[in-house]
Amino acid sequence: MALSKITNDGVTGISIDSSGRILTPARPAFLVHRNNVATSLTEGNEHQILPFTTVAFDIGNNYSTTNFNYVCPVDGVYFFALNARFDGVSAGGFLRGLIYKGNDASTLTSPYGDAGDVLAVIKGNHSTSYETITVSGVLQCSAGDIVTPMGGHHTDTSITLQAESQFSGFLVG
């Protein structure tokens, strides 16, 4: 016998099946990626917004393909992950990947200040013209907080974000 809790709007919020598995089908979660086309990034900018344009899934419809960010629907701890493949990378300088929690990431000149609001990774000494940056972790968020994937190269003039890139997240609790 399965046990379910139905919310006021008729959506199953939590259920336990006959094997004891707990299911939370309404828990906020998303996965976005590039379409099959690479996109050029601004030269010499290691903290620009990464444009993820294709939604694989978005439980709660909280990711914007216009602003390229996720708006947290409820208070809680969230896990976020960014996998960004960059092509056209030259030797020298460095790559950076960021997951930034804050209001308007498009106006930032330095999003690295508050360790509680940013997850970041930096990589130098490139051995090929293509590199993948991976950054992930948890952020304590309030309802309405905006989380934005960012990254780029410090000095390159023709870097591209490839189709294999992804940004994802989910409410832990």
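The values are calculated or read from the model by the stated rules, or taken from the named source; none is laboratory data. Worth saying up front: this structure is predicted, and the values here are computed from it rather than measured. Counting neighbours? That spans all protein chains shown, and the Cβs are built from the backbone with ideal geometry, glycine included. Each accessible area value is taken on the protein alone, full model and side chains, heavy atoms only, with ligands, DNA and RNA left out. Shrake-Rupley method; radii C 1.70, N 1.55, O 1.52, S 1.80 Å.
Please specify each residue of the range 132-155 satisfying the condition of being open to solvent by less than 10 Å² (accessible area, probe 1.4 Å) and in contact (Cβ under 8 Å) with a residue 60 or more places away in the chain.
Scanning the range 132-155 gives LEU139, CYS141, VAL147, THR148, PRO149, MET150, GLY151, GLY152, HIS153.
State all residues of the range 38-55 that are closer than 26 Å to PHE170 by Cα and open to solvent by 60 Å² or more (accessible area, probe 1.4 Å); if no residue qualifies, say none.
Within the range 38-55, just VAL55 meets the criteria.
Is it the case, given these coordinates, that ALA81 is part of a strand (DSSP E or B), modelled with pLDDT under 95 and buried (at least 17 other Cβ atoms within 10 Å of the Cβ)? Write out each step before concluding.
Numbers: part of a strand (DSSP E or B): yes; modelled with pLDDT under 95: no; buried (at least 17 other Cβ atoms within 10 Å of the Cβ): yes.
No; evaluated as a whole, the condition is false for this residue.
I'd like the full set of residues that are touching a residue at least 12 places away in the same chain (Cβ under 8 Å), closer than 19 Å to PHE170 by Cβ and of a type outside the set (S, T, N, Q), limited to the range 15-37.
Initial filter on the range 15-37 (touching a residue at least 12 places away in the same chain (Cβ under 8 Å)): 15-18, 25-37.
Add one more test, that the residue is closer than 19 Å to PHE170 by Cβ, and what stays is 15, 25-33.
If the condition is that a residue be touching a residue at least 12 places away in the same chain (Cβ under 8 Å), closer than 19 Å to PHE170 by Cβ and of a type outside the set (S, T, N, Q), then PRO25, ALA26, ARG27, PRO28, ALA29, PHE30, LEU31, VAL32, HIS33 are the ones that fit.
Contact list please: Cβ distance under 6 Å, first residue in the range 43-54 and over 20 Å from THR66 (Cα atoms), second residue open to solvent by 30 Å² or more (accessible area, probe 1.4 Å) and not basic (Lys, Arg), pairs at least six apart or on different chains.
Note: pairs meeting the criteria are GLU43/THR157; GLY44/THR155; GLU46/HIS154.
Just wondering, is there one or more residues in the range 16-31 that are under 25 Å from SER129 (Cβ atoms) and modelled with pLDDT of 95 or more? Walk me through it before giving the result.
Applying the first criterion (under 25 Å from SER129 (Cβ atoms)) to the range 16-31 yields none.
There is no residue in the range 16-31 that is under 25 Å from SER129 (Cβ atoms) and modelled with pLDDT of 95 or more.
Which members of the range 84-127 meet the condition of being of a type in the set (Val, Ile, Thr) and either modelled with pLDDT of 85 or more or in a strand (DSSP E or B) (or both)? Quick ask: steps written out before the conclusion?
Step one: of the range 84-127, the residues of a type in the set (Val, Ile, Thr) are 89, 99, 107, 109, 118, 121-122.
Passing the criteria: ILE99, VAL118, VAL121, ILE122.
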